[in-house]
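Computed from the coordinates by the stated procedures, all read-outs in this text should not be read as laboratory data. Small disclaimer: the values here were computed from a predicted structure and weren't measured. Reconstructed Cβ throughout: ideal geometry from the backbone, glycine too, with neighbour counts over all protein chains shown.
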């Protein structure tokens, strides 16, 4: 949750396994003049360099999402720092600006010690207040309508929405990208504006 009482929502997109819907998402954000924040892994940056460049060129901040999306509670402090450094190098090589201090834990999984290690490395971890569950795909019983409803039914000032840029690995659906226009329109109808997370540090 963002520390604000203003009617603002932060749209955030994680990039890990697939970059299938990046172009579509960027097009929707541009058409609706809506900022967003992206969190990508180092592996994603190395696998989809043009996508990361496009995100940055569109003016959206790109944060660090670890190097290969491993759960941090399973790692030593040294391994965590290595994850952060390798991802940072891969992202900044493409965007020309630091991912730091924007960070999101893989799976949202963390311990108090993990948070301290990440903070000491210069990062501010951002979780989310609603997960659209679009990543579960149509094979997981999700739909464009369910994605939209999860966001709109929980909307409140400072909301952080978790979405994903990839396609479902088996059914190929891109529900978050497909729902994005109606999510933006629905939130605007309710009086919300959009902000990127770099406003809050």
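Pull out a ≥ b ≥ c, the square roots of the eigenvalues of the alpha-carbon gyration tensor of the range 99-201, then state rounded if a/c is under 1.5, prolate if not and a/b is larger than b/c, and oblate in the remaining case. Numbers along the way, then the final one.
On the way: a/c = 2.43, a/b = 1.40, b/c = 1.73.
Note, shape of the range 99-201 comes out oblate.
Roughly how many whole Å is it from the C-alpha centroid of the range 131-162 to that of the range 105-127?
24 Å
What is the list of residues in the range 154-182 whose amide nitrogen lies under 16 Å from a point 7 angstrom out from the Cα of residue 138, following Cα to Cβ?
Correct set: 167-180.
Once the Cβ-Cβ distance between residue 46 and residue 154 is put in as r, and R0 is 30 Å, what FRET efficiency do you end up with, to the nearest 0.05? Could the numbers behind the result be given before it?
Values: r = 34 Å, r/R0 = 1.14.
Once the sixth-power term is evaluated, E becomes 0.30.
For the range 1-114, what does the alpha-carbon gyration tensor say about shape, rounded, prolate or oblate, given a ≥ b ≥ c as the root eigenvalues, a/c under 1.5 as rounded, and a/b over b/c as prolate? Spell out each step's value before the answer.
Details: a/c = 2.04, a/b = 1.31, b/c = 1.56.
Since a/c reaches 1.5 but b/c is at least a/b, the shape of the range 1-114 is classed as oblate.
What FRET efficiency comes out for the pair residue 188/residue 57, r = Cβ-Cβ distance, R0 = 25 Å, nearest 0.05?
Details: r = 25 Å, r/R0 = 0.99.
The value I calculate is 0.50.
Using only the alpha-carbon atoms of the range 1-58, report the extent along each of the three principal axes, biggest first, to the nearest angstrom.
Between the extreme Cα coordinates on each principal axis of the range 1-58 lie 39, 24, 17 Å.
From the square roots a ≥ b ≥ c of the eigenvalues of the alpha-carbon gyration tensor of the range 66-134, which class results: rounded (a/c under 1.5), prolate (a/b over b/c), or oblate? Each step should come with its number before you reach the end.
Details: a/c = 1.60, a/b = 1.12, b/c = 1.43.
Since a/c reaches 1.5 but b/c is at least a/b, the shape of the range 66-134 is classed as oblate.
Any idea what the relative contact order of the range 71-190 is, in percent, if you count C-alpha pairs under 8 Å spaced at least 6 apart?
Values: 147 pairs, mean separation 26.1, N = 120.
Averaging sequence separation for qualifying contacts and normalising by length gives 22 percent for the range 71-190.
For the range 1-73 and the range 164-188, what is the separation of their C-alpha centers, rounded to whole Å?
Centre-to-centre distance over Cα atoms comes out at 13 Å.
Using only the alpha carbons, work out the radius of gyration and Dmax of the chain in angstrom.
When restricted to the Cα atoms of the chain, Rg and Dmax are 15.9, 47 Å.
Could I have the simple spin-label model distance between residue 200 and residue 4, label points 7 Å from Cα toward Cβ, reported in nm to one decimal?
0.9 nm
Report the calculated FRET efficiency for residue 171 and residue 24 (r = Cβ-Cβ distance, R0 = 22 Å), to the nearest 0.05. List each step's numbers first, then the result.
Details: r = 17 Å, r/R0 = 0.76.
The formula returns an efficiency of 0.85 here.
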